[in-house]
Structure formats: C-alpha cells, structure tokens
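The values are calculated or read from the model by the stated rules, or taken from the named source; none is laboratory data. Remember, predicted model here, so these are calculated numbers, not experimental data. Backbone-built Cβ (ideal geometry, glycine too); neighbour counts: all protein chains shown. Side chains are part of the model used for accessible areas, which takes the heavy atoms of the whole protein and leaves out ligands, DNA and RNA. Shrake-Rupley method; radii C 1.70, N 1.55, O 1.52, S 1.80 Å.
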Amino acid sequence: MRSFSPRKFLKLFRSFLAIVAIGIVAKYFIDATLYEVPTTKIFEGIKGLVSIKEFEPVGFDALPAEARTTIGNDPDRYQKHIRGMSSLKTQFFNLRYLSGGVEVEAIVGVPKKLNPAKKYPIIIYNRGGNRELGRLSVTFLKYFDQDFALEGERLFFASQYRGTAGGQAKDEFGGADVDDILNLLNLSKRLSIGDSNNVFMAGHSRGGMMTYLALKRGARVNAAIVLAGVADLEDSERRRPEMGYIYDDLIPELSSPKNSNDRSKILRERSAIYWPEKLKAPVLIIHGDADWRVDVSNAIRMGDAMAKAGKEYKLIVYPGADHSLNDVTDEVNDEIDGWIRRHSR
C-alpha cells in the first residue's frame, strides 16, 4: 500500500483551500452582479406599460377607510409590515398599465437577486374584496413573497382592478375588470426574464371568481389555484343578503331596468359552477369549512361540477379553517407549491 506523506497531504490541503477561496470569490461576484441589475430596466419598452416605480407604502392615515378595514384598522401592525419589507427576497413595484384604454394599477414582484439570463415562472394573483375593500397594500407583501413568489424564485403580478388605488374607471365585479387580469397576463409574458411556458393563476375569495372568469375568457395558464373562492353568486347572495347591494352597485347589467327579470341569468354568467366545461386549465380548489364569508359549498359543488365535466381538479377542505385560511398556512403553501410543480414544464 502506497504511503501518503505529510508533505503531499499539506500540498493537497492547500489546493483544496485555494479551490474553496475561488468559489467564495466567484459567488461574491455573482451575487453582486445579481443585486446590481437595474430591475426597472427589464420593463422598458413593454407594450401596455404606463409606468413602474419601486413600491412605497402610503401612510396608514392616507389609506381609504375600506383599505384600513382590511388590515383591522391597526396602524402598529401596518408599520410592522413596512419594517419587514427589507427582509423579503422579492422586490415589489407599483406598475400602471393599460387595459382596454383604461389605466389600471398593479403590484409586481421580481427577485431581489435577479439573474437576467434566467427564465422565471410567472404567477398571476387575483385579489378579493371590491373597490378599496381588499386593496393590496404592504400588509400583503410577506404573504406574496413566501406563498407565491417562493422567496425570489418566481415573478409575481397582481392587479388592483380598475377604479382602485388610483386606477381609472370603475370596478365591475367580474365584468370589464376581467380584462384587467388578461391584459396583465399578456404584459407579464412579454418580459424577457419571464418563462411563458410556466404561467400560473391564483385567486382568493372574489379573486376565485375572477380566476374562473379569466379561464372562461381563454387565459392560457398551466394551472390555477382557487382559495376560498366564489363559484355561485346567487347562493352567496342568499346566504349573505348584503352581497346583493354590492352586485347592484357594481355589475353594470343589473343597473339597467330592461334587465330586471334577468338577475339570475346575469349572476350565473359570473358563477363557474354553471360552466365548468369552459375552464381550460387544471384547478386546485381549497376551502375551509368554517368560512362564513364564502360558504364551503362553493368549493364542494364546484368540485362536483368539474368532475361531471371531466375536468382535472383537486379539492381540499380544511376542517375548522376560516375564510383567511391562516390556521392552515403551511398546509396550504405545500399544496400550492406541489400543484405548481406538478404542472410545470
């Protein structure tokens, strides 16, 4: 057996240290390069873009009353989220874009360590609420960073919908505002760093309805995720009569006297349980059975409709979980990530 002299060992050890040192230096320069990419540059010349600027949270008192309600009217909590922005791995921006001649606001997330040579999967997120109630603010950024942008591994796009956060025109609760989603989707696919072969859509609450409507309108995505989503507007109105006032105020067709006898037809056009055959993407449906805002029957009946239509879907109902699904965050995140990976190309 050949002997291994101390001198030879020392020489090999020094070579090993040199290789490690080279690796550390290389990583430093790579990381520095990633950090130095001027992120707004990747949006220059994109068709439909009006403006983009780094996300700057407005003061708590400057938020509309409805938006403050969304975060529990808690200014301390709001400030905590502002302080936490620096720890996120996603850089967020306010993006203003065109949707059928209307200027609409959106929030966009891009990895802080951006590699301009890489193609990143795209997530389109559809918010809940209506008008300023449910408006996306700094309090949503950690959720977006961890759950959907996968801490800097995906591109993230979320429309505020028309008429919100300074956007033009009026929220139509599943009308022309569906165009806002489709136009943002098209804009996202024009980015040089976007992977147009791996695009996903997710929506919560009213955003679930918007996701179904976008798929009905032909949104081309690998798969979709609906969280505590509305699938039957008539049933929601029966369970929560106050929803009828929102429908009457926002849905243009309901404001016309000539449509007074067509209420059911108009609401069903926004209710996915009546047209599952028109959904062209697999759908992950997640709901809590303690949800009083959007009853769990929306998810169960939607699952039944998808099965009868021969569509790919997965239904998960969490016992005791409410509308926010906050008590099952880890489980929901795992399901979302697994669904996205399963349908990635």
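Region 45-111 and region 124-200 have Cα centres spaced 11 Å apart. Of all lysines in the structure, those lying under 20 Å Cα to Cα from K118, and not within fewer than 8 positions of it along the same chain, are K27, K41, K89, K189.
The 3J(HN,Hα) values that the Karplus relation (6.51, -1.76, 1.60; θ = phi - 60°) gives for region 164-170 are, in residue order, 10, 6, x, x, 7, 6, 9 Hz. Gly and Pro appear as x.
Grab the beta carbon distance between Y274 and Y245, set R0 = 25 Å, and tell me the FRET efficiency rounded to 0.05.
Values: r = 23 Å, r/R0 = 0.91.
Efficiency computed from Cβ-Cβ geometry: 0.65.
Rg and Dmax of region 179-299, based on Cα coordinates, read 15.5, 49 Å.
A simple rule links phi to the HN-Hα coupling: the Karplus curve 6.51 cos²θ - 1.76 cosθ + 1.60 with θ = phi - 60°, which for region 66-82 gives 5, 5, 5, 4, 4, 9, x, 6, 10, x, 5, 4, 4, 5, 4, 5, 5 Hz, with x for Gly and Pro. Across region 288-298, rounded Karplus estimates of 3J(HN,Hα) from the backbone phi angles (6.51 cos²θ - 1.76 cosθ + 1.60, θ = phi - 60°) give x, 7, 10, 7, 9, 7, 10, 4, 4, 4, 4 Hz, Gly and Pro being marked x.
Close amide H partners of K314, meaning residues 5 or more places away or on another chain with modelled amide H under 5 Å apart, are V283, L284, I285. Here the label points at Q79 and D61, each 7 Å from Cα along the C-beta direction, are separated by 1.3 nm in the simple model.
Summarise the accessible area of region 188-268 (1.4 Å probe, protein heavy atoms) by the percent that is carbon and sulfur. About 44 percent, which is the carbon plus sulfur part of the accessible surface.
Enter the accessible area per residue of region 235-295 (Å², integer; probe 1.4 Å; all protein chains in place).
Values: 3230 Å² over 61 residues.
With the other protein chains kept in place, region 235-295 gives 53 Å² per residue.
Radius of gyration over Kirkwood radius for region 182-242, both on Cα atoms: the Rg/Rh ratio is 1.10. Taken over the chain, the convex hull of the Cα atoms encloses 187 Å³ per residue.
How many percent of DSSP beta bridges within the chain run antiparallel, rounded to 5?
Numbers: 20 of 46 bridges.
Around 45 percent of the beta bridges assigned by DSSP in the chain are antiparallel ones.
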